[in-house]
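Coordinate-derived values only; no laboratory data. What you see is a predicted model; the values in this text were computed from it and never measured. Note: ideal-geometry Cβ built from the backbone for every residue, glycine included; neighbour counts use all protein chains shown.
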Amino acid sequence: MSTVTPTSERTRPAAPPPAGATPGGKAGSGADGFGTRIFNGFSHLFLAVWAVMVVYPLAWVVMSALKTDSEVIRKPLSLIPESLQWDNFARAWTAGIDSFFLNTLLVLVGSVFLTMLLGSMAAYVLARYEFPGNRPIYWMFLSGLTLPIYLAAVPLFKGVYNTGVVLPFLGPNKHVMLILVYVAWSLAFTVFFMHSFFRTLPNAIAEAGMVDGASHSRLFFSVMLPMAKPGLISIGIFNVLGQWNQWYLPTLLMQSVAGEPKNQVIAQGLIELSVNQGYKSDWSGLFAGVTMAMLPVLVVYIVFQRQVQSGLTAGVSK
Amino acid sequence: MRHGVARFVTGFLALPVALYLFYVVWPFAQAAGYSLTDWGGYSDRQQFVGLDNYVRLFGDELIRMAFWHNVFFLITVPLFTIALALFLAFLLNVGGREDRAGIRGVFGSSLYKVIFFFPQVLSLVVIAVMWQQIYRADGQGLINGVLIKIGLVDADNPIAFTNDPAPFLGVPAVLWWLLLIAVWSGAGFYMVLFSAAMQSIPKDIYEAALLDGASRFHTFFRITLPLLRDTVSVAWVYLGFIALDMFALVYVMTPSQGGPNHASEIFASVINFTAFQKGQFGYACAMAVALAIFTILLAALQLRITRRERIEY
């Protein structure tokens with residue numbers, strides 16, 4: 001079994017286990033030949049090209065955040081700033097990014113947790129129990145994926161406004177209201193996704209649980225939900241990102257009346273920044289703001305990526 | 001026992017359904033109601049006009065054009081995104097060396113996965129700012145700049161990108177450029193999705209195939225792809241929804257939100273234009289209802305075609 005590959009990855013961190021350590025050790029030993037190496041090289045080439053296509057524009061945004069304004073306009077393409085302008089970040093931070101972050105965090109903590117809980121509860125019941133009304137309710141959730149959000153804008157705003165008259169914490173520009181709206185608008189895809197996931201879980205374990213006398217809700221929380229962990233992680237990432245990047249709903253519902261504190265979230269605030277920078281021509285400040293909005297999600301994603309993989313390998317190794 | 005099930009089902013569904021009804025279904029139901037009126041959106045004056053708005057839809061030239069543009073995206077966005085995502089997932093998971101555990105992924109496959117997913121985490125603002133610079137039509141943009149440097153594009157006549165209404169293969173060029181952004185930002189997500197599905201296929205199936213002398217291409221096309229069918233069809237349905245709602249890209253990237261000269265008009269942009277620019281909210285609602293019905297029919301058809309028995313392993 002040769003460890004030499006045509007590409008530069010000679011130092012493979014995880015060396016293949018010695019042949020014969022497990023049954024089936026001989027299976028592929030003769031196949032690692034010339035064609036394989038060509039194919040391996042081609043894979044790396046294509047994957048690397050696509051990786052550059054993805055990373056280059058992002059790097060460009062980050063590096064533009066470190067340029068001076070005149071350099072952004074003079075040399076838009078260059079990746080290396082003449083000198084590093086860290087104060088772009090300080091300027092953007094005090095221009096409102098700090099409160100955008102706080103509001104976004106407050107809302108996301110509640111909305112993501114509730115979306116996951118309510119979404120998987122509904123999906124589970126719809127996927128694994130037969131009862132009258134099952135299909136209509138499923139189709140009701142599914143149809144939410146098809147409808148253009150901005151058409152509901154005016155009635156939605158009216159509804160929120162009227163609720164706010166009776167229950168002030170559910171009115172416009174309130175965190176709790178935005179949490180509930182996010183949850184409602186995220187349910188469609190969460191239910192759709194978890195529904196197909198719960199359907200792929202084996203019946204045998206559920207039946208075993210029932211035989212052992214577990215109640216329905218106990219079966220869900222202690223058996224099925226842990227088994228659905230890979231799906232939960234995926235849809236969790238999806239919801240965190242989706243709600244972090246949501247700009248239409250907050251722009252519609254988090255408008256502050258004069259005298260009220262501004263409770264803007266990040267994407268909404270960035271749009272305002274990008275509109276305002278037209279007057280101030282603070283390009284580098286905008287790029288700094290975009291970078292600050294971008295990096296936390298990238299970090300969250302990279303952290304969760306590991307968990308996705310451990311969750312999957314745990315699922316595969318039975 | 002029966003009774004317990006009913007209580008359990010109700011208890012689990014009550015809260016999500018209530019929230020969904022209040023914040024999603026009810027606003028849409030109201031919008032559907034407005035579709036039967038001539039409400040402008042701002043005044044309190046509205047008159048019941050019955051199905052007039054719907055009749056008007058069929059004679060609307062703009063709607064017809066938008067419909068065909070939607071059909072274009074409906075076919076191309078899922079097709080190219082899934083093909084590219086499958087190809088990348090294939091290279092990642094099958095491109096590596098073969099050994100006792102079957103064929104392993106290429107070296108660094110987890111790093112590639114992390115990178116490819118990046119566009120998915122970007123907000124609309126970031127994507128818009130970025131691609132506006134990439135697509136700059138004045139020779140300074142990323143693509144024009146590079147192509148002029150290597151002599152493929154005339155410096156006096158750079159590519160116009162989203163300002164270009166001229167047809168390419170019968171479809172306005174601007175749509176192809178928007179398609180590129182959609183595929184660019186979507187491929188990574190579906191690659192990760194397919195990759196996860198590929199890895200959840202039990203190894204012993206591959207071991208058996210390898211013992212039988214199957215090559216990596218055979219195992220991919222005869223085993224992996226058929227077992228991915230469910231995932232691919234879910235991806236297809238979801239990409240279909242995205243394709244029907246390319247509004248964000250059209251809105252940010254094209255001149256006058258659907259231009260130039262209505263060349264990139266899609267259903268959503270026509271709705272937006274009618275509701276908020278022309279101030280015909282009732283008529284716009286009728287368009288949205290028609291679009292929703294069309295979409296639901298399409299989704300039902302899709303699910304019906306791709307439905308088949310579950311495979312448990």
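Brief remarks follow.
- Highest mobility in the GNM of chain B, judged by mean-square fluctuation with C-alpha springs under 10 Å and restricted to B:GLY50, B:GLY240, B:GLY186, is found for B:GLY50.
- Largest to smallest principal axis extent of the C-alpha atoms in region A:91-316, angstrom: 67, 42, 27
- Globularity ratio of chain B, using Cα Rg and 2.2 N^0.38 Å: 1.23
- For residues of A:115-125, the mean tally of beta carbons on other chains within 10 Å: 4
- Of the chymotrypsin sites (Phe, Trp or Tyr not before Pro) found in region B:1-91, those that fall in a DSSP loop while having at most 12 other beta-carbon atoms within 10 Å are B:TYR42.
- Residue-wise HN-Hα coupling along region A:232-238, computed from phi with Karplus coefficients 6.51, -1.76, 1.60 (Hz; x: Gly, Pro): 4, 5, 4, 5, x, 4, 4
- Under-5 Å amide H pairs with B:THR37, H placed in peptide plane, nonlocal only: B:VAL49
- Per residue Cα convex hull volume in Å³ - calculated over region A:161-262: 125
- For region A:57-156, the list of trypsin sites (Lys or Arg not before Pro) that fall in a loop by DSSP and count at most 15 other C-beta atoms within 10 angstrom is empty.
- Eigen-decomposition of the gyration tensor built on the alpha-carbon atoms of the protein assembly as shown gives equivalent ellipsoid semi-axes of 40, 34, 25 angstrom, largest listed first.
- Distant-in-sequence amide H partners of B:GLY141 (H built 1.01 Å from N, under 5 Å): B:ARG136
- Of the DSSP H helices in chain B, those whose Cα atoms cover at least 30 Å axially and whose Kyte score averages -0.5 or more: B:61-94, B:173-199, B:281-306
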